[in-house]
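Let me begin by presenting the structure, written as structure tokens, before commenting on it.
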């Protein structure tokens, strides 16, 4: 069983490593199907997996599928165990859609190597399966979200991003160098949408204001006519309380003033008598001389108090009309407060608010006209951009069709045709990507109309068509890892070699895995893994070995000649591998 030295083993074999893009670094499988414990390390480039039917090659593909979010079943767990584990370590770039999505989900690794993505899927016989991404427990939906950026598995309809309309659109726009134009249209589209929402909101608010205009105008006139001042109710209420008790206050203040000053026996007259007595005392004994100053101060304060009481008396206004005026004014203020918020401050705030709303009505027509003019301008701009984008898309689609059909012809797929169809949306509506629907169509027989790629052909043929598309779009396709299953169904000879060379070419820009029974394809791999079912301790298990030079020659020879391998077959195998 290979370990971390598998890549160096490949280097020692003398076989070239042409690929430079390595996505899946390591794969660990425990207790899945007939696999007991398998730990593999993968290089970059074009990787082939060979072995007899039933050896377990499909289990490896299924394991990768589980790592990108395919549905799991307890039946996939190895018999006699209660838990199965699949763990993959992937290399991720510093930028790109996968890295961006991991950042959005806060799942980028922060350990020794943030450029690695570790996905662990644990299957339980209880049905409680678990998913971890870089050590974080996540729901299956998150894994599926991430998985779409990692690998395309070709040969199984439900795992191919190529079937998704948005993927087809992205690939066509990338092929035609239209992404900048599309981004410009998208910006205009969203600007128009935002302005349309703003205009609708403005029109709704304006309509509501106009419905309330008469009421608002009445309220403003009523409040303005009241001429309310800040805190006026507090000041007037204090005055009203005084006016209500004015007669009583006059009597009390008169008595106060008389007691202090006017009566023959007023306090101040008594203080004068105290002064006379003190002077007589001091003519005999001066020890109380400081008392004169104290008494003088008290006298001055009493006189000041008497003066203030006199002033207070003069200010008291015994005017019945004033009290009535206060009652009327306070009643008005209370009605205003009850109607507009409970306080004088809230009444004044309400006046300020409705004044602004009424002012808005005055200028609303001009604002609406301005918004409408800007919206018309944006609509004209996005229509021109959409038409321009559509024209360029159709041109790019024609070029893509020619390129893909050339690749299809190269694979001897007689009468097969590919068509990247670009059509306007049926109702003429726009979306953030323009006005077009892009659909990849295929026809495998002469005279048969093309239909959607996912509905047109079976697994093996579909894999080869996908290979042709991927070959043409290799520079634009951002899915870093590709797995091809069933790609060699129904082919052989020169066609098989052409398929192998296309896979080899894809390996320059992707990490490509291919399960094959054809030596013509296997011989072109940058790395070769043999999958074999063996019996250990009376139980079948899958064993995977990365083949070195001689081992690979023997495996190619087996694929060429069956169980009996002659020297002639081995020479052919060496020639196919380019080994002297």
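The values are calculated or read from the model by the stated rules, or taken from the named source; none is laboratory data. Since this is a predicted model, take the numbers as computed values, not measurements. Methodologically, a virtual Cβ is constructed for each residue, glycine included, from the backbone with ideal geometry; neighbour enumeration extends over all protein chains shown.
Let's see how each residue does on (1) within 16 Å of residue 23 (Cβ to Cβ); (2) touching a strand residue (DSSP E or B) at 6+ places or on another chain (Cβ under 8 Å):
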site	(1), (2)
470	yes, yes
476	no, no
482	yes, yes
497	no, no
508	yes, no
524	no, yes
530	no, yes
534	no, yes
Single match in 555, 545, 551, 575 (criterion: surrounded by fewer than 16 Cβ atoms within 10 Å (Cβ to Cβ) and in contact with a strand residue (DSSP E or B) (Cβ under 8 Å, 6 or more places away or on another chain)): 551
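If a residue must be part of a loop (DSSP other than H, G, I, E, B) and in contact with a strand residue (DSSP E or B) (Cβ under 6 Å, 6 or more places away or on another chain), how many such residues does the stretch 69-108 contain?
The initial filter retains those residues of the stretch 69-108 that are part of a loop (DSSP other than H, G, I, E, B), namely 69-73, 78-82, 92-96, 105-108.
Remaining after also requiring in contact with a strand residue (DSSP E or B) (Cβ under 6 Å, 6 or more places away or on another chain): 72, 78, 81, 92, 107.
Total meeting the criteria: 5.
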Conditions (1) out of contact with any helix residue (DSSP H, G or I) (no Cβ under 6 Å at 6 or more places or on another chain); (2) in contact (Cβ under 8 Å) with a residue 40 or more places away in the chain; (3) surrounded by fewer than 23 Cβ atoms within 10 Å (Cβ to Cβ): number failed by residue 513: (3)
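Working carefully through the options 389, 400, 371, find the one that is touching a helix residue (DSSP H, G or I) at 6+ places or on another chain (Cβ under 9 Å), more than 29 Å from residue 473 (Cα to Cα), in contact (Cβ under 8 Å) with a residue 60 or more places away in the chain and not in a loop (DSSP other than H, G, I, E, B).
371
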Residue count, the stretch 102-126 (criterion: within 20 Å of the chain's Cα centre (by Cα) and either modelled with pLDDT under 90 or exposed (fewer than 12 other Cβ atoms within 10 Å of the Cβ) (or both)): 5
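Residues checked against (1) buried (at least 18 other Cβ atoms within 10 Å of the Cβ); (2) modelled with pLDDT of 85 or more:
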{"site": "459", "(1), (2)": "no, no"}
{"site": "462", "(1), (2)": "yes, no"}
{"site": "466", "(1), (2)": "yes, no"}
{"site": "473", "(1), (2)": "yes, no"}
{"site": "480", "(1), (2)": "yes, yes"}
{"site": "484", "(1), (2)": "yes, yes"}
{"site": "490", "(1), (2)": "no, no"}
{"site": "498", "(1), (2)": "yes, yes"}
{"site": "508", "(1), (2)": "no, yes"}
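Give the residues of the stretch 411-430 that are free of Cβ contacts under 8 Å to residues at least 40 places away in the same chain and either part of a strand (DSSP E or B) or surrounded by 13 or more Cβ atoms within 10 Å (Cβ to Cβ) (or both), sorted by residue number. Please lay out each step first, then the result.
Here is the first cut: in the stretch 411-430, the residues free of Cβ contacts under 8 Å to residues at least 40 places away in the same chain are 414-415, 417, 419, 421, 423-429.
Residues satisfying the conditions are 417, 419, 421, 423, 424.
Please verify whether residue 305 is farther than 30 Å from residue 351 by Cβ and surrounded by 11 or more Cβ atoms within 10 Å (Cβ to Cβ), treating the condition exactly as stated. Give the steps one after another, and end with the answer.
On the way: farther than 30 Å from residue 351 by Cβ: yes; surrounded by 11 or more Cβ atoms within 10 Å (Cβ to Cβ): yes.
Judged against the criteria, residue 305 is a match.
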Among the residues listed as 238, 217, the single one being in a helix (DSSP H, G or I) and in contact (Cβ under 8 Å) with a residue 12 or more places away in the chain: 217
